[in-house]
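Working notes, structure below.
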Amino acid sequence: MARAVGIDLGTTNSVIAAYEGGESTVIPNAEGARTTPSVVAFTENGERLVGQLARRQAILNPKGTIYSVKRFIGRKFEEVEEEASQVTYDVVPDEHGNARIKIRDKLYAPEEISAMILRKLADDAGRNLGEKVTEAVITVPAYFNDAQRTATKDAGKIAGLEVLRIINEPTAAALAYGMDKKNHETVLVFDLGGGTFDVSILDVGDGVVEVRSTAGDTHLGGDDFDRRIVDYLAEDFQRENGIDLRKDAQALQRLFEASEKAKVELSSVTQTQVNLPFITADANGPKHLTATLMRSTFEQITADLVERTNGPVKQAMADAKVSADDIDEVILVGGSTRIPAVQNLVRRLTGGAEPNMTVNPDEVVAVGAGIQAGVLKGDVGDVLLLDVTPLSLGVETQGGVMTRVVDRNTTIPVRRSETFSTATDNQPAVDVVVLQGERERAADNRVLGRFQLTNIRPAPRGEPQIEVTYDVDANGILNVTARDKDTGAEQGITISETSNLDQSEVDRMVQEAERNRSTDQALRQEIDARNELDALAYQVQRRLEELGDSAPPHERARAEMLVADAHQAVSEQAPIDRVRELTGELQGVLGGLRAVSPGTSGADGDGAVGGGQGAGARTGADSGADSGADDADVIDAEFDRG
Amino acid sequence: MQTSERPGPEAEAAARDAHAADRPAPCAEDAGPGDGSATAELEDRWRRSLADLDNLRKRYGREVSRERAAERDRVAEAFLPVLDNIDLALRHAESDPAAIVEGVRAIRDQALAVLARLGYPRQEEAGVPFDPARHEVVALVPGGDAEDAPAPGWVVDVVRPGYGDPDRQLRPASVTVARDRDS
């Protein structure tokens, strides 16, 4: 089945997103990039290039490389004469006065050029998704008139796409943040992209988004900020070395790249190094450019650019008749809104409102368009609100710890099972204590309920298999069942209030667990080590019983002493080093005892690899004990003192 | 807190049905007359599938982050020996320049080997037709008058090499291209 997508057809860059599995995600192009330059090239030999490839040969082919075609779509030539004079390719009027792109004596409508960009986006996305893309929602600036919107729709048609809808860019941004679902609110969308600046005031709520006003600057963007750094560094270098790096194409390119990188870094640190060794050479040899650029300097040299956003924002607010206090939400769009000075200005102009930036500002319009595409295709339903378990659910196990069965933030409904066993020989019943919380100690968590599974057949510890299943249904009701795999006997309990905690309570418990994390972990390690020692002591004891007289006397004596020490260490809750020491020694002893064949006289030497007589034979009881310690799925249950 | 202890397997089935009937409105809305439990069961299964999908997605997200970090570690580590050698070169900064240059050259070759091992061979061929898949034009220059001078539209000089084959490209080679003879 064909897929519907949302496309942000930008002046400088375009992005495509698809609605999949309840989420709108950006699809990378064939080159692996999440944004595609909005550039199309017609080469000498009739080849057509779109995107990054077109950009790379721009210098070679200035008249045949078409960029920023969005400035001409749906326009009459007389409306865009000024723009036409600023681009390297030819823009001319056709017989009806419409703006056309002239490439090698052929006239192309701007929508034909845009169609090529759309075609590449759709084809690449189709390949990525594994299904054809035939329908799209395409975004346009809020100030686009009818002719511009129709032309954009035509571009989609020419590209072979059914255009489900043309929506406004600020509206798409609001959708990306789910603002249409809110109650009545006033939203300011601040869009500072690669080459253009747009600000819009929206009314959102009850599933509707309405554009109240728009304003902007059609020639203000991230590229201008890069240029300022280039000029600053070049002028500095010229003062010191008498060479203008901007006259050297190679040096200029390196300078631009370094400037863009510096600009990006200064959004997160307050100063950065620009390092361009061997940038040029003169009669005295190679010259290097090394400079430190402080954020404060960057802000100084770009202050007027940031100031230029002031006017349009005030204009838009005036046109919508809102003041800074009326603005409930601010959305930032476009990579340049990552610049701290820009964010500060936005905060100032909107009365200190904290702007929404969690969705990647380069992608937010496409993401919103993707959501709209999903809605129009009926893929988004409001039935699909899935809950999660706010806190972990588990069982109390040997040593008084909580063993998790369902992790917190697991989407429900969910069913998880764990297999447990007994802690002592011939234990007749297990106590299932149902816990909720994030701490390691059972006592530090909340007890939701408890029940017993009885009539367990007499067996060595660790042998019985008790399957405990936690089933949380869509309403948050927890059903816990314990089933004896041997007898088939089953018991259970239903707990209906696992998720009635309010958010602050959940947060408190999570934070408390976080605060105590290292002590809890240390404690857990201690208890696990003790349990391991206990199990090991038990195995040694069983082995001694099996061997009877075959056990060499001095080995038996040593083993019995160590087993006694182990029991003491466990009951006294000895420190972990002592526990580990004893564990090591008991392991050695067990190894030795295992090497002894039952039925031989105790006089044989220690540790000799068993000769002929059935040394390899493992009794059922032995493997049962092993499975208690080795089988990762089987956990010792609470020792039932009842 | 309300709990109810369920007696055993036989009674369990009855208890489960009782629970189904107790479930709140949503299912009742969808169910037609008389097929309540079948619809409810389907709805339950559907919700469980969605929840499984969601949990899988969350797990995948975590794994992807882990893998990404691990890969970054591996790649960064591959370059450490290069840096070590650059440090060594600087320690000999006062020595005979020719010797230092030789050392630097060796370090450069070492770095190239690292990149090649990671899957990005160096691309620096001049005197070939310009190809946007491999090259990026930095400037147009005269091709020159020599017999074997590059034709218009051909690469004259590689200003900065590229790395990686076109299908796995780290960056294209930055080149100067011969302009038309009459321009």
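Rule-based calculations on the coordinates, nothing more; no lab input. Remember, predicted model here, so these are calculated numbers, not experimental data. Neighbour counts run over all protein chains shown; Cβ positions are idealised from the backbone, glycine included.
Structural remarks
- Karplus (6.51, -1.76, 1.60) ³J(HN,Hα), θ = phi - 60°, over the range A:342-354, in Hz, Gly and Pro reported as x: 5, 4, 5, 4, 4, 4, 4, 5, 10, x, x, 5, 7
- Alpha-carbon spread of the range A:519-611, three principal axes, descending order, Å: 49, 21, 17
- Formal net charge of residues neighbouring B:P161 (Cβ-Cβ distance under 12 Å; K, R +1; D, E -1): +1
- Debye log10 I(q)/I(0) for the range A:282-373, one point scatterer per Cα, at q = 0.11, 0.12, 0.17, 0.22 Å⁻¹: -0.46, -0.53, -0.87, -1.19
- Within 10 Å of the Cβ of each residue in B:167-176, the mean number of Cβ atoms contributed by other protein chains is 2.
- When each of the peptides A:360-367, A:228-235 is scored by how many other beta carbons lie within 10 Å of its residues on average, the order from highest to lowest is A:360-367, A:228-235.
- Taking only the C-alpha atoms of the protein assembly as shown, Rg followed by Dmax gives 36.0, 114 Å.
- Each peptide in A:332-342, A:168-178 receives the mean, over its residues, of other Cβ atoms within 10 Å, and ordering these scores from highest gives A:168-178, A:332-342.
- For q = 0.11, 0.18, 0.23, 0.25 Å⁻¹, Debye-computed log10 I/I(0) when each Cα of the range A:222-305 counts as one equal scatterer: -0.27, -0.71, -1.12, -1.29
- Average other protein chain Cβ within 10 Å of Cβ, residues A:31-37: 1
- C-alpha long axis of helix A:222-241 to longest principal axis of chain A, angle in °: 80
- Taken residue by residue and averaged, Cβ atoms of other chains lying within 10 Å of the Cβ of B:48-57 number 6.
- Using just its DSSP H runs of length 4 or more, each adding -39500 (n - 2.57), the protein assembly as shown gives a mean residue ellipticity at 222 nm of -13000 deg cm²/dmol after division by all residues.
- Exposure proxy shown here: for A:I466, B:I86, the number of other Cβ atoms within 10 Å sets the order, fewest to most, as B:I86, A:I466.
- Spin-label model distance (nm) - B:D109 vs A:T419, 7 Å beyond Cα toward Cβ: 6.0
- In terms of surrounding Cβ atoms within a 10 Å radius of their Cβ, A:K263, A:K76 rank from fewest to most as A:K76, A:K263.
- Placed amide H near A:N409: partners under 5 Å, 5+ positions off or other chain: A:T389, A:L391
- Set of aspartates and glutamates near A:K153 by C-alpha distance (under 12 Å), chain-local residues within fewer than 8 positions excluded: A:E111, A:E112, A:E135, A:E162
- For the range A:3-176, the average shadow cast by the Cα convex hull is 10.0 nm², which is a quarter of the hull's surface.
- Sequence ranges A:91-100, A:251-260, ranked by mean other-Cβ count within 10 angstrom, highest first: A:251-260, A:91-100
- Amide H contacts under 5 Å for A:F420, placed H, 5+ residues apart: A:I466, A:E467, A:V468, A:I635
- Neighbourhood net charge (12 Å Cβ-Cβ; Lys/Arg +1, Asp/Glu -1) for A:A17: -3
- Among the listed pairs A:K70/A:K261; A:K70/A:K263; A:K132/A:K377; A:K70/A:K120; A:K63/A:K106; A:K132/A:K157, those with a Cα-Cα distance over 18 Å are A:K70/A:K261; A:K70/A:K263.
- Positive dipole terminus of chain A, leading residue within A:A574, A:I279, A:F197 (C-beta point charges): A:I279
- Equivalent ellipsoid dimensions for the range B:122-178 as semi-axes, Å, which come from the Cα gyration tensor, largest first: 21, 9, 9
- Between 0 and 90°, nearest 10: helix A:517-547 axis offset from chain A longest Cα axis: 30
- Set of lysines near A:K314 by C-alpha distance (under 17 Å), chain-local residues within fewer than 8 positions excluded: none
- Chain A: angle of helix A:110-129 to the longest principal axis, Cα-based, in degrees nearest 10: 10
- Environment charge at A:R212 (Cβ cut-off 11 Å; Lys +1, Arg +1, Asp -1, Glu -1): -3
- Cβ-based exposure ranking for A:I201, A:I327, in which fewest neighbours within 10 Å come first: A:I327, A:I201
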